Structure formats: C-alpha cells, structure tokens
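The next block holds one structure in the form of structure tokens; read it before the comments.
The values are calculated or read from the model by the stated rules, or taken from the named source; none is laboratory data. Note that the structure is a prediction, hence the values are computed from the model and not measured. Ideal geometry is used to build each Cβ from the backbone, glycine not excepted, and the neighbour counts take in all protein chains shown. For the accessible areas, the whole protein counts, side chains as well, though only heavy atoms, and no ligand, DNA or RNA atoms are used. Shrake-Rupley method; radii C 1.70, N 1.55, O 1.52, S 1.80 Å.
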Amino acid sequence: MKNIAAFIEIKEGKLSPRSKQIIHLIQDIQQKHNASAIVTLFTFDQVNKVELPALSNVKLYSLTGTSETGLLSKGQIDTILALISDASNACVIGYKSSLIDAILSSTAIRFNLKVFPQVISIDVESDQFALKQSIFSGKALTYLHVSHTAVLQLNPAFEFASTTTETSEQISEVVTLVQDTPHKIVSVDKVAQGANLADANFVVGAGRGLKDPTNWGMIESLASKIGAATACSKPVSDINWRPHSEHVGQTGIKIAPQLYIACGISGAIQHLAGVNGSKTIIVINNDPEAPFFKYADYGIVGDVFDIVPEIVKNI
C-alpha cells in the first residue's frame with residue numbers, strides 16, 4: 001500500500017467525532033504498515049485549516065461545488081478520483097453516507113478494489129487488516145483478514161480510540177467540483193435540526209405510541225434537557241408526523257450513541273438494525289410484550305405520557 005485516502009467532516013475547524021476516529025485509524029496504519037504512505041484527506045467543508053492528530057505525508061483537499069442535494073455527478077467523482085495517487089494500490093476509508101457511498105463504490109469499480117462495508121472494528125497488522133463486520137442488518141458479526149489494499153466503509157458503531165495530541169494542518173488545495181449534470185434542481189426543502197443525529201452522544205426516539213404529532217413537545221423537552229438529538233421510527237416519518245431526516249432504522253439513519261431512549265416504539269427488527277450500535281438503550285412502552293424490551297439495557301413498562309414528563313421534571 002502506497003496511499004491512504006479518506007473522507008472526513010470538519011465543523012468550525014475541528015474534526016467530527018467520526019472523522020477523528022478515521023484519522024486515528026490512519027495513524028495506526030502508518031505506524032504498523034508503511035509510514036511513507038501518502039495520505040490524501042478530502043473534506044466537503046470550506047475551511048482554511050483544521051486541528052488534526054499528527055500525520056505524515058498528508059494532503060488535505062477542500063472540495064467545493066457540490067449541489068444542495070449532496071449528490072455528485074460522474075464528472076465530479078472523476079475529479080475526486082484523479083486526486084488519489086495510485087488508487088489501485090490504496091486503502092480508501094469513509095463512513096456510510098449517501099455522498100461517500102457513491103465515491104467509495106466508484107473507486108472500487110474504477111480501480112478493481114474489494115469493498116468491505118459495515119466495518120465496526122479494525123486491528124491493523126503488519127501485512128493485513130483484521131476486520132469485524134456487522135452483517136444481516138446487525139443480527140450477526142463476521143471476522144475476516146483482508147489485504148491493506150481495499151475500500152473500507154465504517155459502520156456508525158465503529159470505534160478506534162487514541163489520545164494523540166492535535167496539531168494545525170493547512171488546507172493543501174481547494175478543488176471546485178464543476179457541475180456537469182443535465183439535471184436541474186427545482187427546489188430544496190431544508191429541515192431545521194438541533195444536535196446532529198448521526199454524531200449525537202444522546203438520542204431520544206419516539207414512535208406511533210405518541211398517538212399524534214402534536215405530542216412531540218415532551219420528546220423535544222427531554223432531548224433539550226440532556227442535549228440529545230431527536231429520532232423517530234419509520235412509520236412515524238412515513239405518515240409525516242416527523243421529517244425523514246429523523247428516521248432511524250434499516251432504511252434510515254444508523255446511529256451509535258452512548259444513550260438511546262425509545263419512547264412508544266415497539267422495536268421492529270428494521271428499527272433495531274439502525275440503533276443496535278447504541279451503548280445503552282432505555283425503552284419506555286406500555287406493552288410489556290413489546291419486542292424492544294428484549295434488547296433494552298433498562299425497560300420501563302408504563303405510559304410515555306406519564307413517565308416522560310416525570311423524567312423531564314426530575315432531571
């Protein structure tokens with residue numbers, strides 16, 4: 001492996017928690033495999049410099065010109081791939097998102113690299129990676145050894161800890177991705193959000209047990225009290241009680257917070273597939289037979305309309 005390419009997110013000059021884990025992984029790869037590897041980092045955030053854990057031989061590109069939908073055209077992806085030196089002999093890393101998925105899959109096809117999705121842990125060895133993957137919507141795990149030359153898509157529950165001191169790193173180059181698509185964006189509806197759901201340490205979710213969208217005030221009050229993001233089950237977003245940007249589950253956002261509080265959610269397997277990376281799960285439901293209780297660390301059998309306000313009042 002001569003090159004490492006990774007896609008990171010920067011907010012106010014600082015790495016997002018997920019991106020910091022990517023950088024720590026790259027540090028370990030450099031240390032245990034080949035310290036001379038060229039590291040190419042891509043961010044879609046417009047910044048001049050960023051606080052990074054120390055890396056050697058790093059190029060940091062700020063990519064601008066993406067559409068408001070967050071989708072990339074073939075020509076834009078081609079521009080990005082041209083910036084990865086010798087991608088046929090590279091390790092390409094990114095978290096799962098609609099934007100990054102398109103780049104990772106295109107990289108694999110163009111340079112004949114194998115893709116390993118839903119990676120939740122990596123042990124870097126001198127001649128290969130020892131991976132642990134989540135499969136079958138989180139119902140099972142698989143362990144395998146793979147070459148360092150591969151595309152790694154990290155699961156939201158991925159963890160790679162480090163205490164490395166951060167240093168300032170200047171953006172090497174700003175690259176404008178020229179729009180080359182015949183499609184025209186007619187309108188964009190933006191959803192106002194509080195805490196970022198994918199990166200949130202605490203999440204409060206609710207389902208059809210809340211009976212009506214006007215009852216979501218108590219969920220937002222609880223979330224505000226503990227600095228949490230709000231989430232919902234798929235049926236709730238399907239009937240437009242809550243925006244689709246809050247839908248967590250197999251076909252929605254997959255989260256891995258320190259704490260997930262599920263209010264009035266029965267716990268269908270599709271929802272569990274999106275939240276099973278949570279460190280601690282608390283379930284509140286008036287049905288003692290709700291499937292979610294089997295997966296909960298703590299369960300409260302009772303009416304959410306009685307229990308949630310009491311929790312808010314007592315925090």
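How much of the calculated P(r) for the chain lies past 33 Å, in percent of all Cα pairs?
The share of Cα pairs beyond 33 Å in the chain comes to 31 percent.
Once you put a point 7 Å from the Cα of residue 135 and another 7 Å from the Cα of residue 81, both along the Cβ direction, what distance in nm separates them?
A separation of 2.7 nm, rounded to one decimal place.
At a probe size of 1.4 Å, how large is the accessible area of residue 145, to the nearest 10 Å²?
110
With only alpha-carbon atoms counted, please give the Rg and Dmax of the range 215-315, in Å.
Expressed in Å, the Cα Rg and Dmax of the range 215-315 come to 12.6, 35.
How big is the antiparallel share of DSSP beta bridges in the range 14-162, given as a percent to the nearest 5?
45
Could you work out what % of the accessible surface of the chain is carbon and sulfur, using a 1.4 angstrom probe and leaving DNA, RNA and ligands out of the count?
Answer for the chain is 50 percent, counting heavy atoms of protein chains only.
Could you order 306, 101 so the one with the most accessible surface comes first? Probe is 1.4 Å.
In descending accessible area the options line up as 306, 101.
Residue 118's amide H: which non-local residues (gap 5+, or another chain) put their own amide H closer than 5 Å, with H modeled 1.01 Å from N in plane and none for Pro or chain starts?
153, 155
What share of the DSSP beta bridges in the chain is antiparallel, in percent to the nearest 5?
30
Residue 239 accessible area, nearest 10 Å², 1.4 Å probe?
My reading of the accessible area for residue 239 is about 90 Å².
Rounded to the nearest whole Å², what accessible area per residue is found for the chain with the 1.4 Å probe?
In whole numbers, the chain has 48 Å² accessible per residue.
How much solvent-accessible surface does residue 14 expose, in Å² to the nearest 10, with a 1.4 Å probe and all protein chains in place?
It works out to around 120 Å².
Calculate the FRET efficiency for residue 127 and residue 298 from the Cβ-Cβ distance with a Förster distance of 51 Å, rounded to the nearest 0.05.
Calculated transfer efficiency: 0.70.
What distance in nm separates the two pseudo spin-label positions at residue 315 and residue 287, each 7 Å out from Cα along the beta-carbon direction?
Here the answer is 2.6 nm between the modelled labels.
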